[in-house]
Amino acid sequence: MQHGPAVRRRKLGAELRALRASAGLTSGEAARLVGWHQSKVSRIETGASGVKPADVRLLLDAFGVTDADLRELLLVLAGSDGSGGGRHHWWHAYRGVLPPTYRDFISLESQASEMRTLETSVVPGLLQTPEYARAVTRAAVDGLDDERLDALVEVRLARQDVLRAERPLELSAVLDEAVLRREVGGPEVMTRQLHRLLEAARLPQVCLQVLPFTAGAHVGITGPFVIFSFSSTSDLDVVVLDHLTSSLYLERKEDLEAYTEAFNTLQGHALSPEESLDYIAGIGDGA
């Protein structure tokens, strides 16, 4: 259980170590190819020290890695701002507004191929309307002035572009019924938000299921979570748990298996996607 930057260093180091081994190189040989001391390669591979994006490029070139998606993902983990090509990492323009853990979350979200999430209190950020996002943000962060509030809402809405990308993020979401019943921002805001959920649920890249109150106690009752998966390598998959002032990242194989099993169980107890559409529509009609 670690905070985002430490997890990113460890995952990046482990992936670079695997790529070096696949290239048939020892750490000493890799170090000589890029003009470093062997100890620097070892520190990077164990996650003991950070690594600059330029150094990652050197290593990937030395290892003969040409997969553009994998290179881009590893550069993001190294903190690249996108200047080397690939997707534009727009969130860096909000450095003065976003805490590091939120930037880490967005960087993972932008590069993931799949996101599975259990939500117990609010609509997932990727599916929020502007009015709903504003009401949630104002309630969650005390003392926000209008300028900072506007910036945070802009970020929330900009994140949604991952669902409209050329290769969109595959989103599977299980929503506790409380998410649909909690009146955020007033009746009109909630009505529009429920309609937005119906629109999103019809997208081929979105699977939305409702966990009704009648399901009783369930494995997710302890709180929401997100599982990010990456098409390039499963070694980078991670579970994110949000807390009031920080986020925790779980990347051990045992943790990933436990949360994946929990999510599968929740999907089994939830209404089917088709039934969920009808359920949401029924709540919306009664709002």
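The values are calculated or read from the model by the stated rules, or taken from the named source; none is laboratory data. Worth saying up front: this structure is predicted, and the values here are computed from it rather than measured. Backbone-built Cβ (ideal geometry, glycine too); neighbour counts: all protein chains shown. Quick note on the areas: whole protein, heavy atoms, side chains included, nothing else; ligands and nucleic acids left out. Shrake-Rupley method; radii C 1.70, N 1.55, O 1.52, S 1.80 Å.
Placing +1 on each Lys and Arg Cβ and -1 on each Asp and Glu Cβ, with no other charges, gives the chain a dipole about its Cα centre of roughly 1100 debye. Highest GNM mean-square fluctuation among GLU275, GLU15, GLU114, for the chain modelled with Cα contacts below 10 Å: GLU275. In this simple spin-label approximation, GLU29 and THR265 carry label points 7 Å from Cα along the Cα→Cβ vector, and these lie 4.6 nm apart. Among the protein heavy atoms, those of ASP69 account for about 60 Å² of accessible surface (1.4 Å probe, every chain in place). Largest mean-square fluctuation among ARG134, ARG164, ARG20, in a Gaussian network model of the chain whose springs join Cα atoms under 10 Å apart, belongs to ARG164. So in the chain, what percent of DSSP beta bridges are antiparallel if you round to the nearest 5? Roughly 50 percent of the DSSP beta bridges within the chain come out antiparallel. Amide H contacts of GLU170 (H built 1.01 Å from N, in plane; Pro and chain starts excluded): GLU114, MET115 sit under 5 Å, all sequence-distant by 5 or more or on other chains.
Averaging the Cα positions of each part gives two centres, and for the range 106-161 and the range 168-242 these lie 13 Å apart. Taking every protein chain into account, the accessible area of the chain amounts to 48 square angstrom per residue (probe 1.4 Å).
Each residue, THR66 and ASP242, gets one label point 7 Å from its Cα in the Cβ direction; the gap between the two is 4.2 nm. Check cross-link reach from LYS40 to the aspartates and glutamates: straight Cα distance under 19 Å, and skip same-chain residues fewer than eight apart. Cα-Cα hits under 19 Å: GLU15, GLU29, ASP55, ASP61.
Estimated at 0.36 nm per residue, the fully extended path between ARG138 and TYR94 surpasses their Cα-Cα distance by 14.1 nm.
Taking Lys and Arg as +1 and Asp and Glu as -1, the other residues whose beta-carbon sits under 15 Å from that of GLY185 total +4.
Taking every DSSP helix (H) stretch of at least 4 residues in the chain, weighting each as -39,500 (n - 2.57) and dividing the sum by the residue count yields a mean residue ellipticity at 222 nm of -15500 deg cm²/dmol. Heavy-atom surface analysis with a 1.4 Å probe gives the chain a carbon and sulfur content of 51 percent of its accessible area. Maximal additional length on extending the ARG252-ASP285 stretch stands at 7.5 nm, based on 0.36 nm per residue less the C-alpha distance.
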